[in-house]
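J.: One structure, as structure tokens, below. Some questions next.
The values are calculated or read from the model by the stated rules, or taken from the named source; none is laboratory data. This structure is a prediction, so every number in the text was calculated from the model and none was measured. All Cβ positions, glycine included, derive from the backbone under ideal geometry; neighbour counts span all protein chains shown. SASA here: full protein model, heavy atoms, side chains in, ligands and nucleic acids out. Shrake-Rupley method; radii C 1.70, N 1.55, O 1.52, S 1.80 Å.
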Amino acid sequence: MTSVQDETGVLAGDERMLIDGELQHTSSGATFDVIHPASEEVAGQATDGTVADMERAVGAARRAFDQTDWSRDLDFRYHCLTQLHEAFERNKEHLRRVLITEVGCPVKVTGSQIESPIEEVKHWAEHGRNFEYLADNGVHETPMGPARRKIHYEPVGVVGAITPWNVPFYLNVAETIPALMAGNTVVLKPAQLTPWSGSEYGRIVAEETDIPAGVFNVVVSNANEVGAALSADPRVDMITFTGSTATGRAILAAGAPTVKKTLLELGGKSAHIVLDDADFNMALPMAALMACVMSGQSCILPSRILLPRSRYDEGIEIMKNMMENFPVGDPWDPNNMQGPQISEGQRQKVLGLIQSGIDSGARLVTGGGIPEHLPTGYYVQPTLLADVDPDSQVAQEEIFGPVLSVIPYEGDAEAIAIANNSIYGLSGEVSGGDLDRALEVAKRMRTGNVTINGKSHFGINSPFGGTKQSGLGYRNGEEGYKEYLEAKTIGMPE
Ligand code: NAD
């Protein structure tokens, strides 16, 4: 079933997956529904791949790595990724409609999810072409006399990429393009709620590039076992994963018997420390906006707002005003900046966590329910909770909804202690008038990244990764490229 409406509406993606160079359905013909979260209607179908399909895909990727010269032919890889960049450009509006259809992301904020990843393909192609794969490490004295050492950076092998639903096209690209450019072969397993951002990627590779059979595969499935099979397969050398911390733990365990290299980007519960000398009228409207634009479905969202007691009421009033006037509604309408949650299950999870906050003593300042004017679609009101207990469930668990929890503090040391009171360590934010003081606070936050005064830490040229239970390893930057390479040291005569 397809339900292509008009040029700006719901668009069904390709039902098929890509295995060993062929776009195909699973052998039984089984499919599953893809729901448009703004209308709650079935937008179309995706093939429901099985563990057997995954095993074929891994076999194809293994053969392509071991038996073709993909891993050694840098010029050909550059050619293929340049083709892919151009193909994505041609398909840009199609990919945007697929994204809005399956995620419900407002059209106004799709730039970072469509234009940015397409640009990243070009970036990695250039970066990979210019990378020094054989580096001279100098001459070293050894008991056997001087030895020259060279470091050969070579691909890891077969990479399994498992992605979540919140920013699906972006993450499909971010997890696979540097891996491919570095000479690996790839099996991508997109999330159940967003199969088309993966299947369309597969279709474009098959129809519009020279990427050889088996080098890039996409296995679409509605079953977690299929991702689990990828992460346990002994023929897979590395797993790159973005998703929840719970699944990250399962993937680490599944890879343990074969000591699989594992790159994990997991959940977060980031804190925004607003210092007493901060410009509240700059920092806090932006904090409220960031909580709403992706319906709060962002891993790096600073969802805990730490306000100094001396300016507590003032800060709450600013965020309340912003949230009460935030444009929520139909994602196809360019005036809206917050769409629905991705599913009814996610909406119920968000509403449940809001209620748990209220039950544990938090004060509901605004929101807390379903917008009255939006009875259809999985919408949640922008929600502000104040006086939140930093140890309560709502302050400790990732909500993934348009919800901010405000926690008061007295003095910088207490703010840092509250911010660090989390199993997560993905991102953080500091707002303050004195930059030296703000930087000292940022340095003491136990997180992988920090934004000061709204200046984003996130970008293709800078390493991004979580600490504590938010992840292992990096995306982006030189560190991010090297994740997909092994550093082999070769000792040889001078
Ligand atoms: P999820 O962990 O439920 O699922 C992610 C993927 O893992 C899906 O493709 C799923 O099919 C697959 N999967 C599920 N069980 C598996 C298993 N046992 N073995 C292997 N694969 C399995 O996450 P989600 O709900 O899709 O995404 C939301 C989560 O992603 C949030 O926690 C969010 O913070 C996180 N996230 C993190 C980042 C980051 O960069 N750190 C970015 C985006 C999202």
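J.: Averaged per residue, what accessible area in Å² does segment 271-452 show with a 1.4 Å probe, protein chains only?
T.: Working: 6970 Å² over 182 residues.
In whole numbers, segment 271-452 has 38 Å² accessible per residue.
J.: Related question: Per residue, what volume in Å³ does the Cα convex hull of segment 117-164 take up?
T.: Numbers: hull volume 6.1 nm³, N = 48.
Expressed per residue, the convex hull around the Cα atoms of segment 117-164 is 127 Å³.
J.: Ok, one more. Normalise the Debye intensity by I(0) for the chain, one equal point scatterer per Cα, no solvent, then take log10 at q = 0.13 Å⁻¹ and round to two decimals.
T.: -1.22
J.: Per-residue accessible area for residue 92 at 1.4 Å probe radius, Å² rounded to 10?
T.: About 40 Å², ignoring ligands and nucleic acids.
J.: Report ³J(HN,Hα) in whole Hz for each residue of segment 297-306, in order, from the Karplus equation J = 6.51 cos²θ - 1.76 cosθ + 1.60 where θ = phi - 60°; Gly and Pro get x.
T.: 8, 10, 5, 9, 4, x, 8, 10, 9, 9
J.: Another question, if that's okay. Using only DSSP helix segments of four residues or longer, with each worth -39500 (n - 2.57), what per-residue ellipticity at 222 nm results for the chain after dividing by its residue count and rounding to 500? It would help to have the intermediate numbers written out before the result.
T.: Working: 15 runs with 180 residues, N = 494.
Result for the chain: -11500 deg cm²/dmol, rounded to the nearest 500.
J.: Please report the equivalent ellipsoid semi-axes of segment 271-452, computed as sqrt(5 x eigenvalue) of the Cα gyration tensor, largest first, in whole Å. Please report the intermediate quantities before stating the final value.
T.: Values: eigenvalues 141, 56, 45 Å².
Rounded to whole Å, the semi-axes are 27, 17, 15.
J.: May I pose another question? Could you state the per residue volume, in Å³, of the convex hull enclosing the Cα atoms of segment 44-188?
T.: Values: hull volume 22.6 nm³, N = 145.
Dividing the Cα hull volume of segment 44-188 by its residue count gives 156 Å³.
J.: Next question, about the same structure. Report, in whole Å, the centroid distance computed from the Cα atoms of segment 401-444 and segment 166-238.
T.: 36 Å
J.: With label points built 7 Å along Cα→Cβ from the Cα atoms of residue 148 and residue 130, find their separation and express it in nm.
T.: 2.6 nm
J.: Per residue, how much accessible surface does segment 206-245 expose to a 1.4 Å probe? Answer in Å², no decimals.
T.: Value returned for segment 206-245: 31 Å² of accessible area per residue.
J.: In whole Hz and in residue order, list the ³J(HN,Hα) couplings for segment 420-434 that follow from phi through the Karplus curve 6.51 cos²θ - 1.76 cosθ + 1.60, θ = phi - 60°; x for Gly and Pro.
T.: So the J values, rounded to whole Hz, are 7, 7, 7, 6, 8, x, 7, 9, x, 8, 10, 10, x, x, 8.
J.: If I model segment 35-122 as equal point scatterers sitting on the Cα atoms and use the Debye formula, what is log10 I(q)/I(0) at q = 0.18 Å⁻¹?
T.: -1.01
J.: Moving on. Which lysines, if any, have their Cα less than 21 Å from the Cα of residue 150, not counting same-chain residues under 8 positions apart?
T.: The reachable lysines, counting only those whose Cα sits under 21 Å from residue 150, are 482, 488.
J.: Which ³J(HN,Hα) values, rounded to whole Hz and listed in residue order, are derived for segment 449-458 from phi using the Karplus coefficients 6.51, -1.76 and 1.60 in 6.51 cos²θ - 1.76 cosθ + 1.60 with θ = phi - 60°, glycine and proline given as x?
T.: Karplus values, whole Hz, x for Gly and Pro: 8, 9, 9, 10, 6, x, 7, 5, 7, 8.
J.: When the accessible area of the chain is computed with all protein chains present and a 1.4 Å probe, what percentage of it is carbon and sulfur? Each step should come with its number before you reach the end.
T.: Details: 9700 of 19030 Å².
Its accessible area is 51 percent carbon and sulfur atoms.
J.: Given a Förster distance of 60 angstrom, what is the FRET efficiency for residue 310 paired with residue 488, based on the Cβ-Cβ distance and rounded to 0.05? Numbers along the way, then the final one.
T.: Values: r = 57 Å, r/R0 = 0.95.
Using R0 = 60 Å, I get an efficiency of 0.60.
J.: Angle check, please: helix 115-130 long axis (alpha carbons) against the longest principal axis of the chain (alpha carbons), in degrees 0 to 90, nearest 10.
T.: Helix 115-130 and the main axis of the chain meet at about 40 degrees.
J.: Note the angle between two axes, namely the Cα long axis of helix 312-324 and the longest principal axis of the Cα atoms of the chain, as a number of degrees from 0 to 90, rounded to the nearest 10.
T.: 70 degrees
J.: Quick one: ranking 175, 324, 132 by accessible area, 1.4 Å probe, largest first, what do you get?
T.: Values: 175 0, 324 95, 132 115 Å².
Largest accessible area first, the residues go 132, 324, 175.
J.: If one takes the longest principal axis of the Cα atoms in the chain, at what angle in degrees, from 0 to 90 and to the nearest 10, does the Cα axis of helix 51-67 lie?
T.: Taking the Cα atoms of the chain, the angle to 51-67 is about 50 degrees.
J.: Which value, in Å² rounded to 10, gives the accessible area of residue 97 with a 1.4 Å probe and all protein chains present?
T.: Approximately 40 Å² of residue 97 is accessible to the 1.4 Å probe.
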